[in-house]
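Have a look at the structure below before the remarks.
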Amino acid sequence: MAPPVPLLAVRGSDGTSLLCGPPQCEQHAAFTRDSRLSRCVTFSRDGTLFGWCNGQSVSVVRSSEGSILSTFDLPKTALLEFSPLNTVLVTWQPYSKSQDSSQGEANLQLWELQSGQLIKALYQKKVDSWCPSWSDDEKISVRSVNNELHFYENNDFNSIANKLHMQKVSDFALSPGGQPSKVAVYVPGSKGAPSFVRLYQYPVLGGPTAALANKSFFKADRVTMQWNKKASAVLVTASTEVDKTGASYYGEQTLHYLAVNGETAVVQLPKNGPIYDVAWSPNSAEFCVVYGFMPAKATIFNIKCDPVFDFGTGPRNAAYYSPQGHILVLAGFGNLRGQMEVWDVKKYKQVSKPQAPDATHFCWSPDGEHVITATCSPRLRVSNGYKIWHYTGSVLHKWEVAAGSELWEVRWQPFPDGSFPERAIKYQAAPSELGSTQAPPTQAYRPPALRHLPATPSAKLHEEEPPQNMRPGVSGEKSLSKAALKNQRKREAKKAAKQESKSEHEPPSDPAPVTNSQSEPTSGDPEMDKKIKNLKKKLKAIEELKEQQASGKVLQKNQLEKIQKEDQLLKELEELQIG
């Protein structure tokens, strides 16, 4: 049986249309394009339903047939969302006060999708967290109301089943999947107290021992919380608006890890600068972080927060895993030139390096074979359009808006997990009439007066770091960087030289040295033995620091100073042992 073909929803100044997806895109035969200006479009979570508001009414159709399921007379609707099992349609319009009522209209409405009946009308002034969050089985739903979390059960929105109130809950994230549902809550710090994130398992929400995990931290004006697919851990990116040291225009960011088994950690990032993006792998066992002043680093970490693979440095600010988790795209959009690095994450091998300049949107197709990049208004009002690519870098389809028109949004139809099996990764570019746009090698700027002269090597503005595998090697030791390998060879050479000099100075007829209770050779001079022991202790500490440095940990200034004293300590030890 052939796999399904994803649909592509396109919203722009010439209306709303559904297209049959990759590699080519043609009008969906069963859906007639709505030429009226659309405020919003959305698919249901399983992709079977499609809804949009055209400024007169909200319509919901069956995606495959294009047949109308429900229509609602809601001309002001600005946002739409379906509950996970397609039981409830949620609509939101901007809050406004009316002359008849000082409180204004209830602007968040929950509708029973099949009957079209209103279940509940609520007030939701802010657009942030406007939609209730559901567990996948719809047994639990939760929304934030005046710094409290209100929990509802089985879509009964007339009675609050449970509440979570502590200080001021500013943000929350409900875990994916079914029962037991877990929720991550964020409480900002005040009056010198730190901010914190706590994990709870519903319905145990009260008391000092109720939290599954707790992580407190300073320097957080806002947070982003991301659950992995298995709902076993959360990544929290804490951000401040302003970096008080003046080092960064982006403020300051830190990354924290919390697991439902109570484990917490700060993810150590070996390069200073902003955190641009954090993405969980669909396998829930790894995550990728893009961080550091440009050119940015990208590193994959395991759930122990140890680095697994470092992609080196490059012009990038985003990371996107394929739905099957076998391919990772590192990209530089926005103020960067649209370079995409496509990586096979099982072999850690680069597949392609296409370039999509001026792209404002990127998304994987559910098939894990194609991606879409788009230039949309109002972010960019010129050259609006989209391209569909094969991950090997080939452009398979290209569409540009007509003069005077604008593209506002493109969105793939989602599918349930397992709808598209993982396929073997190809490295040969897929055949295409439109070709590919591999990123050209960058060259240093040369003034016009010097361009006729032969090029001379110039100093690089940035120190470029190549990719390196940081997984344990066959022998159980970490794969070391070039610098770490160089230091290791130095140590081995010194050790060999030391052994040689010892054998030269020790005649074979000498009696065996006196040993202490721990079987360490001693010279018979207690003072000298004490000095040797202290030096060995310091050298062992330095070895441990160097191992931490090689694994990507950022060391403190005093720790770096200790490492610099290694040669001096080795020399002292050698002199004492010879003496």
**Prompt:** How would 392, 87, 209 line up by accessible area, probe 1.4 Å, largest first?
**Reply:** 209, 87, 392
**Lys pairs, the range 136-194 - Cα-Cα below 21 angstrom, 8 or more residues apart or on other chains** = 5
**Asked** Cross-link partners among aspartates and glutamates for residue 271, C-alpha distance below 18 Å, same-chain residues fewer than 8 apart left out?
**Response** 243, 252, 306, 310, 463, 464, 465, 547
**Accessible-area value, residue 128, 1.4 Å probe, nucleic acids and ligands omitted, Å²** = 110
**Request:** Could you tell me the accessible area of residue 119 in Å² (1.4 Å probe, neighbours in place), rounded to the nearest ten?
**Result:** 50
**Request:** Using a 1.4 Å probe over the heavy atoms of the protein chains, calculate the carbon and sulfur portion of the accessible area of the range 295-404 as a whole percent.
**Result:** 51
**Request:** Mind running the shape call on the range 227-343? Use the C-alpha gyration tensor, a ≥ b ≥ c as the square roots of the eigenvalues: rounded below 1.5 for a/c, prolate if a/b tops b/c, oblate otherwise.
**Result:** oblate
**Request:** Go through 347/426; 229/387; 530/571; 76/126; 540/565 and tell me which ones have a Cα-Cα distance over 22 Å in this structure.
**Result:** 229/387
**Message:** Ignoring ligands, DNA and RNA, please state the percent of accessible area on the range 162-261 from carbon and sulfur, probe 1.4 Å.
**Reply:** 53
**Prompt:** Relative contact order for the range 162-261: what is it in percent, counting Cα pairs under 8 Å that are at least 6 residues apart?
**Reply:** 21
**Request:** Would you mind computing, in nm to one decimal, how far apart the modelled labels at residue 534 and residue 469 are, each placed 7 Å from Cα along Cα→Cβ?
**Result:** 4.5
**Asked** For the range 28-65 and the range 283-306, what is the separation of their Cα centres, given in Å?
**Response** 37
**Request:** Compare the peptides 214-220, 363-369 by average per-residue count of other Cβ atoms within 10 angstrom and give them in order, highest first.
**Result:** 363-369, 214-220
**Request:** Please list 225, 340 in order of solvent-accessible area, largest first, computed with a 1.4 Å probe with all protein chains present.
**Result:** 225, 340
**Message:** Suppose each label sits 7 Å from its Cα in the direction of the beta carbon; what would the residue 427-residue 159 distance come out to in nanometres?
**Reply:** 6.3
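The values are calculated or read from the model by the stated rules, or taken from the named source; none is laboratory data. Keep in mind it's a predicted model, so treat the numbers as computed, not measured. Neighbour counts are summed over all protein chains in view; Cβ atoms, including those assigned to glycine, are modelled from backbone coordinates with ideal geometry. To get the accessible areas, we keep the full protein, side chains included, count just its heavy atoms, and leave off ligands, DNA and RNA. Shrake-Rupley method; radii C 1.70, N 1.55, O 1.52, S 1.80 Å.
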